[in-house]
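Nothing in this text is a laboratory measurement; each read-out follows from the coordinates by a stated rule. Not measured: the values here are computed from a predicted model. Here Cβ is always computed from backbone atoms with ideal geometry, including for glycine, and neighbour counts include all displayed protein chains.
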Amino acid sequence: MSDAAQSSIDLPPPRHRARRDLSASAVTAGLVAVLVSFGGTAVLMVQAGHTAGLDAARIGSWIGSLSLAFGFGGALYSLRTGLPIVMAWSTPGAALLVTALAGVPFNEAIGAFVLAAALTLACGLFGWIDPILRRIPGEIAAAMLAGVLLNFGMGIFSSINQQPALVLAMCASYLVCRRLAPRYAVLVVMLVAIAIAFALDLMQLDLLDWRLTEFVWTTPAFSAQAAVSLGIPLFVVAMASQNLPGLAILQAAGYRPPASRLVAATGLLGLLAAPFGAHSVTMGAISAAICTGPEAHPDSTKRYIAAATYGLGYVALSVVAGAVAVFFQALPPALLAALAGLALLGTIMGGMAAAMANPQRREAALITLLATASGFSFWGIGSAFWGLAAGLLAHAAFEYKRAGAQA
């Protein structure tokens, strides 16, 4: 059993010690995860809403219902168990909907969202996830984690071309704080970045309209066409591109989550939120890496505070979801890219170290890392799944070869 899992049993229930475990680094990690995860996906959902011809109220309901569902679910689970459980919306699913929603009546799209959530719930209830996760070697999971995050690390340097003064100031702040106060490095970088963005007039906040979210009910309608074109692809993409990688990231960080139970929880939350526009509740991947890394807290048993902060942050955002989506569009892309990369440096380093620790599994881990980092996509499924598949295939081939040589 991992240290994190053992500690969660030996210590008092997390909800009774959350105040004692509260730390600035964990809260900052949770807020950075919100910043990194909200921006790109919210913009995709706005685009998909425009494709479907939705008005501002329904788009706000879509973003708000998702934020409330997975924010509340993740925060509650983290505080009850002491595990850093990060739930999210499906970014690949949102990208799929940008084109797939065209010409589909929205009530039939809602029916497809209900179908995808019901299939996810069934996978969890029947216990199909835990056996899969147990068969993933730790080195392969760590390599997939490093591969998923590698481009975020490189994004620090590619974003210098966009906003050199902003990004170089962020890097300088990070290096100084890593030397003097390492636990607060990401917090200082975030504050410096926002201050400089304001000073350089890089944020256009005059377009904001701070109106409250209206949660608009749409009665689902079911059709075979929407089920085939939306429901089943959403389910497959969410399971392959987010649920399995998200659970593997938790495993790579040393946690042993109840995988099938968590997937069932995401399906149930998605089922409840779907009539308000929610397309898919999943396990977080990139956001989970931020909340479970050493930057969140040196003590792995206290990183659940980062996940709880992330969840509560999304609950707060759900109240003004539409306006916040506009706010994130106003942030300089270079700021988000550099902040994500700096926040994930420790996690990338840990993932690479764990992936290459065992010489016998090093080559399979390298294949996993390269395939995942390539960004390869096929059948609408992202590189995290294909990297995992390539690594497991290589691992099986090499283990078979070794077993034959020993015989």
Quiz item: Extension gain D299-A221, at 0.36 nm per residue separation less the Cα-Cα distance, in nm?
Solution: 23.3 nm
Quiz item: Per residue, what volume in Å³ does the Cα convex hull of segment 189-316 take up?
Solution: 162
Quiz item: Taking the simple approach of a point 7 Å from Cα along Cα-to-Cβ for both A181 and F378, what is their distance in nm?
Solution: 5.0
Practice problem: Give the calculated FRET efficiency between L272 and N107 to the nearest 0.05, with a Förster radius of 30 Å applied to their Cβ-Cβ distance. | Solution: 0.95
Quiz prompt | Order by protection proxy (mean Cβ within 10 Å, highest first), peptides 187-199, 265-277 | solution = 265-277, 187-199
Quiz prompt | Kirkwood hydrodynamic radius (C-alpha pairs) into Stokes-Einstein, segment 52-172, 10 °C and 1.306 mPa s, D in µm²/s | solution = 86
Practice problem: Rounded, prolate or oblate: pick one for segment 136-184, where a ≥ b ≥ c are the square roots of the eigenvalues of its C-alpha gyration tensor, a/c under 1.5 means rounded, and failing that, prolate if a/b is larger than b/c, else oblate. | Solution: oblate
Quiz item: So for the chain, taking the charge dipole from beta-carbon charges (+1 Lys/Arg, -1 Asp/Glu), which of T120, L68, L393 sits furthest toward the positive end?
Solution: L393
Quiz item: What full-extension length gain, to one decimal in nm, is calculated for I194 and F398 as 0.36 nm per residue of separation minus the Cα-Cα distance?
Solution: 68.6 nm
Quiz prompt | Computed [θ] at 222 nm, deg cm²/dmol, the chain (DSSP H ≥ 4; -39,500 (n - 2.57); rounded to nearest 500) | solution = -22500 deg cm²/dmol
Self-check item: Listed peptides 66-72, 279-285, 299-305 by packing density, highest first (mean Cβ within 10 Å)
Solution: 279-285, 66-72, 299-305
Practice problem: Evaluate the charge dipole of segment 65-218 about its Cα centre and quote only its size in Debye, nearest 20, assuming +1 on the Cβ of each Lys and Arg and -1 on the Cβ of each Asp and Glu. | Solution: 640
Practice problem: Would you work out which of N358, L145, S23 lies farthest towards the positive end of the dipole of the chain, given +1 charges on the beta-carbon of Lys and Arg and -1 on that of Asp and Glu, about the Cα centre? | Solution: N358
Exercise. With a cut-off of 13 Å, note down the residues of segment 80-119 whose backbone N falls inside the zone around a label point 7 Å from the Cα of I232 toward its beta carbon.
Key: 116
Exercise. Highest first, please rank the peptides 288-294, 354-360 by the mean number of other Cβ atoms sitting within 10 Å of their residues.
Key: 288-294, 354-360
Quiz item: If you bin every alpha carbon distance in the chain into 20 Å steps from zero, what whole percent lands in each bin?
Solution: 28, 59, 13, 0
Quiz item: Kirkwood-based Rg over Rh for segment 266-352 (C-alpha set), two decimals?
Solution: 1.01
Self-check item: R80-N358 FRET efficiency (beta carbon distance; Förster radius 41 Å; 0.05 resolution)
Solution: 0.75
Quiz item: Which value, in debye to the nearest 20, describes the size of the charge dipole of the chain about its Cα centre when Lys and Arg Cβ atoms bear +1, Asp and Glu Cβ atoms bear -1, and nothing else is charged?
Solution: 980
Quiz item: Tell me, what is the percent relative contact order of segment 234-385, built from C-alpha pairs under 8 Å that lie six or more residues apart?
Solution: 27
